[in-house]
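Visitor: One structure is given below, represented as structure tokens, and several questions about it will come after.
The values are calculated or read from the model by the stated rules, or taken from the named source; none is laboratory data. The shown structure was predicted, so the numbers you read here are calculated from the model rather than taken from an experiment. So basically every Cβ, Gly included, is an ideal-geometry build from the backbone, and we count neighbours across all protein chains shown.
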Amino acid sequence: MAVQNTTTVLSSDPSIQEFFGTVPSSTGVAVNELSAMRVAAVYACVRIIAGAIASLPLDIYRREPNGQRKKVNEADSLWWLLNEEPQARWTASSMWKWLIKSELLRGDGFARIIRAPNGTPIELQPIRALGTYVKLTNNRLTYFYLDDYGEPRGCDQEDMLHIPGFGFDGLRGMSAIQWGAKSGIGIAIATDEFSGRFFGSGAMVRHVIKAPGKMNEGQRDALREAWVERHTGLENAYRPLVLTEGLDISELSLSAEDSQLLEARKFQVIDICRAFGVPPFMVGETEKTTSFGAGVEHLSLGFIKYTLQDRLTSIEQELNRKLFRTASRFVKFNVDELLRGDAATRATFLRQMVGGSQGPGIISQNEARLSEGYIAIPGADSLYDPTTAKGTPANAPA
């Protein structure tokens with residue numbers, strides 16, 4: 001599809017500034033996708049969220065007339081695209097990480113839907129959010145983008161998976177690094193740069209060398225250059241200092257603790273985690289306590305409920321309306337793997353589910369075995385009923 005540029009954009013436009021990486025933060029440091037990902041806290045938050053979503057299986061279901069749902073992964077060709085290989089150059093895990101990274105850093109994740117002549121999706125092609133333009137015409141969206149070869153393309157909204165971030169306005173979502181964490185990331189970048197210079201100079205910022213007599217300009221320059229060469233940098237941090245000719249030295253500097261450098265770095269980690277919705281302990285900031293509860297199960301549950309679930313719902317709805325175009329089939333992320341507790345807790349849970357403590361069975365023994373990766377066994381498909389003693393509870397003697 002031919003694309004014509006009929007819009008003139010000023011260099012002061014925020015989107016153009018972001019394109020060229022010139023959007024300044026309050027510190028004067030440009031904050032964009034590349035500079036933000038060089039901050040350890042940002043990299044960790046993006047990696048954790050994108051990695052968690054990419055690790056979740058996407059199950060395909062069919063709604064039955066009786067209102068129940070039936071998993072049909074093996075019978076649906078879309079399962080392979082969503083879980084294994086969306087196209088020849090991408091694995092599904094890589095695609096989902098790319099889309100979520102784009103959503104977090106750019107505000108939107110895009111993937112072109114390639115269809116067969118009968119309309120069946122046969123390929124998903126990740127698209128770079130940078131350079132993608134969304135236009136509204138007659139209450140429908142048209143997407144203009146550059147393909148992998150730099151050629152301009154366009155497509156209707158039916159053929160583009162669009163995963164927007166928070167604050168979607170009908171065209172684009174809001175980028176976490178431009179709205180929630182721009183100042184925090186800018187301060188973090190400036191602090192990192194200052195830290196490098198601080199410790200690169202041997203953690204000694206400024207000195208005054210005093211001479212008993214008058215020195216000419218050449219002597220001053222030579223002394224200064226000799227001092228920088230022999231007594232700055234980590235490799236010279238512990239070299240003994242020898243002064244002659246009545247020279248004396250005074251230190252005019254603050255320690256890292258006095259300048260609150262370490263405290264500032266810790267605060268920026270927490271501030272960045274707050275913008276991304278990631279608990280600080282998940283990126284290694286363990287000094288503060290967490291209100292998510294104790295134990296892996298509670299921590300994972302809090303992360304899923306308050307950080308992942310919103311994004312999972314957005315992805316599911318976009319996939320359902322673009323890939324199926326019907327209410328009879330739908331996709332659902334399987335979060336069971338993230339909800340697993342320790343072995344003892346898991347064993348107790350499954351024992352109760354199959355009818356432990358003489359309660360009614362919610363699942364059969366074979367369903368419990370399959371959930372743990374074990375093969376089914378004969379005669380273990382019925383639910384345990386304590387009133388009739390049908391079936392065999394998990395804790396009953398063999």
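Visitor: How many residues are closer than 12 Å to residue 322 by Cα and basic (Lys, Arg) if we restrict to region 108-139?
Guide: 2
Visitor: If we keep just the residues of region 44-90 that are among the polar types (S, T, N, Q) and farther than 17 Å from residue 127 by Cβ, which is surrounded by the most Cβ atoms within 10 Å (Cβ to Cβ)?
Guide: 83
Visitor: Of everything in region 364-375 that's surrounded by 13 or more Cβ atoms within 10 Å (Cβ to Cβ) and among the aliphatic types (A, V, I, L, M), which residue is nearest to residue 354 (Cα to Cα)?
Guide: 368
Visitor: Starting from residues that are touching a residue at least 60 places away in the same chain (Cβ under 8 Å) and charged (D, E, K, R), keep the ones in region 329-363 and report whichever is surrounded by the fewest Cβ atoms within 10 Å (Cβ to Cβ).
Guide: This residue is 337.
Visitor: Could you check region 262-308 and list, in sequence order, the residues that are at pLDDT below 70, within 18 Å of residue 48 (Cα to Cα) and of a type in the set (D, E, K, R)?
Guide: Scanning region 262-308 gives a single hit, 297.
Per-residue answers, yes or no, for (1) in the same structural domain as residue 63 (by TED's automatic domain parsing); (2) over 29 Å from residue 80 (Cβ atoms); (3) within 28 Å of the chain's Cα centre (by Cα); (4) in a helix (DSSP H, G or I):
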residue	(1), (2), (3), (4)
310	yes, no, yes, yes
313	yes, no, yes, yes
319	yes, no, yes, yes
327	yes, no, no, no
352	no, yes, no, yes
377	no, yes, no, no
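Visitor: Starting from residues that are of a type in the set (S, T, N, Q) and without any contact (Cβ under 8 Å) to a residue 40 or more places away in the chain, keep the ones in region 103-137 and report whichever is farthest from residue 182 (Cα to Cα).
Guide: Result: 118.
Visitor: Follow-up. Just checking, which of 29, 42 is at pLDDT below 85 and β-branched (Val, Ile, Thr)?
Guide: None of the other options fit; the residue is 29.
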